[in-house]
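The values are calculated or read from the model by the stated rules, or taken from the named source; none is laboratory data. Just so it is clear, the structure is predicted and the values come from calculations on it, not from any experiment. Counting neighbours? That spans all protein chains shown, and the Cβs are built from the backbone with ideal geometry, glycine included. These area figures cover heavy atoms from the full protein model, side chains too; ligands, DNA and RNA do not enter into them. Shrake-Rupley method; radii C 1.70, N 1.55, O 1.52, S 1.80 Å.
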Amino acid sequence: MKDKISKIVSLAKRRGFIFPSSEIYGGFESGYDFGPLGVEMKRNIKQLWWSEMIKNHEDVVGLDAAILMSPKVWQASGHLTAGFADTLVECKECHKRFKKDEIKEKACPECGGELTKPRKFNLMMKTFVGPVEEEASETYLRAETCQGIYMNFENVLESMRLKIPFGICQIGKAFRNEITPKNFIFRTREFEQMELQWFCHPKEVDKWFNFWKKERVKWYKKLGIKKENLRTREVPAKTRAHYAKRQVDIEYKFPFGWGEIEGIHNRGDWDLSNHSEHSGKDLRYFDEETKEKYFPYIVETSVGVERPLFAFLVDTYQEIKGGRTKTTKSTKEIEILLKLHKSLAPIKVAVLPLVRNKPELIKKAKEVYKLLKPHFVCQYDEIGSIGRRYRRVDEIGAPFALTVDFESLKQNDLTIRDRDTMKQERVKIEDLVKVLKEKLEG
Ligand code: GAP
């Protein structure tokens, strides 16, 4: 099963999804670059998440806060102290971290795996602002995007004239100096988070926690994740994040085991009350109707873009022994099919002339490609036999392949091949944009 990961890593590189960072210098530990297909898929995930939050929920607004903030933010949030600066050992197998003075065993108390050497460990990535590298100019790359949301709680509340309950969502890079980055893009030191902070009355926090938990699970199912590969897990108090009163992880069944793809947290008033205390600015909310002044509780949904992207690749990757087409004797190799949901697929349409050595066909196919390009992310491919090109289309999960053949020259039409059924239908070129829009959006 672990083999599946290496196959996906290889496909991701071969077909332009994900490349190792700084490869010509031998790579850079745990760094990955998203290639032309990877960046499209990432954009699709972010766009789907953003419109889910903003369009499907009335009281959610967006924000894009700076990565670099005052180091006082991280002091107040507990990231420089609580649970982040202890002497830790980490299990090399299951990645559980333990405070050195709290365990007696030499091996991991959970799984018996080998432990790393004890060290003072803080996940924050330190950097310097300005030309002088001294303590006064030290700050950190953000370890979670939500702190920028808390910094703007009052700005957003006032400028948008919002009332509790409401949410602020944000997408952006986060950085953690992980001890053991691992499992391809699952655990890296630089990743992109999509976070919602939902501000509500403390008495309503359980209701909203359950609401957002359901909403988030529904989102993954809507995007085609197989039910049996998805679960939620209530995280016990001793392994919860330092700010969480309650934590439920949404987990995916990766070939290396169940892994967290998203965390739902009840952060209580941890953040707003700590920032009030440290900054001297009263961040309590005043309810005009009840005249009550209180710190709202926060329900957070937090996911890195890379983990669901990885899960979608794993979930949809299929190998078909002997090939998908049983009609020709020549197709006896293993064929790869990536059955990505249409909205996630990086390339929506491939345009293929039937053969390469007929200039009229090439000309017509290029006209079709030009016609479609402003509407869909598409790819033009004339290299190799048509069978081989269909396989390349299946391998990148493009939902539709269009073939311009000899009939096309007479009838001004072409065939649309459906990736999943392999059925082909003829469509007039003048109707193409409309038909494809219906198929992709329907
Ligand atoms: N603001 C809350 C927060 O950051 P978290 O559970 O530490 O909570 C949330 O992280 C999500 O961010 C995770 O579920 C995962 O999707 C992603 N994430 C965290 N650390 C990561 C890493 N080192 N590499 C990739 N993604 C990561």
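What accessible area per residue, rounded to a whole number of Å², is obtained for the stretch 322-442 using a probe radius of 1.4 Å?
Ligands and nucleic acids excluded, the result is 51 Å² per residue.
Which shape class applies to the stretch 83-240: rounded if a/c is under 1.5, otherwise prolate when a/b exceeds b/c and oblate if not, where a ≥ b ≥ c are the square roots of the Cα gyration tensor eigenvalues?
It comes out oblate by the Cα gyration axes.
Below 8 Å between Cα atoms, with a sequence gap of 6+, how large is the relative contact order for the stretch 290-442 in percent?
Relative contact order, the stretch 290-442: 20 percent.
Pick out which of LYS214, LYS423, LYS92 has the largest mean-square fluctuation in a Gaussian network model of the chain, springs linking Cα atoms closer than 10 Å.
Checking each option, the largest mean-square fluctuation is seen for LYS423.
Let me know the Rg and Dmax you get for the stretch 205-246 when you use only its Cα atoms, in Å.
Reported Rg and Dmax, both Å: 12.5, 33.
Can you list the residues, at least 5 places off or on another chain, whose amide H is less than 5 Å from the amide H of ALA350, using H built in the peptide plane?
Here GLN379, PHE400, ALA401, LEU402 satisfy the definition.
For the stretch 255-271, take each phi angle, set θ = phi - 60°, evaluate the Karplus expression 6.51 cos²θ - 1.76 cosθ + 1.60, and give the result in whole Hz per residue in order, putting x for glycine and proline.
Computed from phi, the couplings for the stretch 255-271 are x, 8, x, 5, x, 5, 9, 8, x, 10, 10, 9, 8, x, 9, 3, 6 Hz.
With θ set to phi - 60° and the Karplus curve 6.51 cos²θ - 1.76 cosθ + 1.60, what are the ³J(HN,Hα) couplings of the stretch 89-100 in order, to the nearest whole Hz, using x for Gly and Pro?
10, 10, 6, 6, 8, 9, 6, 6, 10, 10, 5, 3
Using only alpha carbon pairs under 8 Å that are at least six residues apart, calculate the relative contact order of the stretch 82-158 and give it in whole percent.
Relative contact order comes out at 24 percent.
Would you calculate a helix-derived [θ] at 222 nm for the chain, using -39,500 (n - 2.57) for each DSSP H run of n ≥ 4 and dividing by the full residue count, to the nearest 500?
-9000 deg cm²/dmol
If you average the alpha carbon positions of the stretch 259-338 and of the stretch 178-213, how far apart do those two centres end up, in angstrom?
6 Å
Hey, any idea what % of the chain's accessible area is carbon plus sulfur with a 1.4 Å probe?
Using a 1.4 Å probe with all protein chains present, the chain comes out at 51 percent carbon and sulfur.
Alpha carbons only, please: Rg and Dmax for the chain, in angstrom.
Gyration radius and largest Cα-Cα distance of the chain: 25.3, 81 Å.
What is the spread of the Cα atoms of the stretch 365-442 along each of their three principal axes, largest first, in whole Å?
30, 28, 23
At a Cα cut-off below 17 Å, give the aspartates and glutamates reachable from LYS117, other chains included and same-chain residues fewer than 8 away excluded.
ASP86, GLU90, GLU93, ASP101, GLU102, GLU105, GLU178
Rounded if a/c is under 1.5, else prolate if a/b is larger than b/c, else oblate: which is the stretch 129-214, with a ≥ b ≥ c the root eigenvalues of its Cα gyration tensor?
It is oblate, given that a/c is not under 1.5 and a/b is not larger than b/c.
Give the relative contact order (percent, whole number) for the chain; include only Cα pairs under 8 Å separated by 6+ residues.
Taking the mean separation of contacting Cα pairs over the length of the chain, I get 12 percent.
Note the angle between two axes, namely the Cα long axis of helix 2-14 and the longest principal axis of the Cα atoms of the chain, as a number of degrees from 0 to 90, rounded to the nearest 10.
Long axis of 2-14 versus the principal axis of the chain: about 70 degrees.
Calculate the length of the line joining the C-alpha centroid of the stretch 395-442 to that of the stretch 339-389, in whole Å.
Cα centroid to Cα centroid, the span is 10 Å.
Compute the Cα gyration tensor for the stretch 1-151, then decide on rounded, prolate or oblate, letting a ≥ b ≥ c be the square roots of its eigenvalues: rounded whenever a/c is under 1.5, prolate when a/b is larger than b/c in the other cases, and oblate in all that remain.
It is oblate, given that a/c is not under 1.5 and a/b is not larger than b/c.
Largest first, how would TYR32, TYR150, TYR390 line up by accessible area (1.4 Å probe)?
Ranking TYR32, TYR150, TYR390 by accessible area, largest first, yields TYR32, TYR390, TYR150.
Let me know the charge dipole size of the stretch 101-217 about its Cα centre in debye, to the nearest 20, where only the beta-carbon of Lys, Arg (+1) and Asp, Glu (-1) is charged.
Its charge dipole is roughly 440 debye.
Calculate how many DSSP beta bridges within the stretch 52-190 are antiparallel, expressed in % of all such bridges and rounded to the nearest 5.
Roughly 75 percent of the beta bridges in the stretch 52-190 run antiparallel, per DSSP.
Pairs LYS55/LYS281; LYS42/LYS370; LYS120/LYS213: which are spaced more than 27 Å apart, C-alpha to C-alpha?
LYS55/LYS281; LYS120/LYS213
Once phi is turned into ³J(HN,Hα) by the Karplus curve 6.51 cos²θ - 1.76 cosθ + 1.60 with θ = phi - 60°, what whole-Hz value does each residue of the stretch 168-179 show in order, with x for glycine and proline?
Ordered by residue, 3J(HN,Hα) equals 10, 10, 8, 10, x, 6, 9, 9, 9, 7, 4, 5 Hz.
If amide H atoms are built 1.01 Å from N in the plane of the peptide, which residues on other chains or at least 5 residues away come under 5 Å of the amide H of VAL60?
Counting only residues 5 or more places away or on other chains, the set is GLY167.
Would you mind telling me the antiparallel percentage of the DSSP bridges in the chain, rounded to 5?
85 percent
With everything on Cα atoms, drop me the angle between helix 432-441 and the longest principal axis of the chain, reported from 0 to 90° to the nearest 10.
Once rounded, the angle reads 40 degrees.
Accessible area per residue of the stretch 51-166 at 1.4 Å probe, in Å²?
Computed with neighbouring chains in place, this is 57 Å² per residue.
Any idea of GLU133's accessible area? Nearest 10 Å², probe 1.4 Å.
Roughly 140 Å² of GLU133 is accessible to a 1.4 Å probe.
Amide H of GLY31: which non-local residues (sequence gap of 5 or more, or other chain) have their own amide H closer than 5 Å, using H built in the peptide plane?
SER21
For LYS238, list the lysines whose Cα falls under 19 Å from its own Cα; do not include residues on the same chain fewer than 8 positions away.
LYS96, LYS99, LYS100, LYS104
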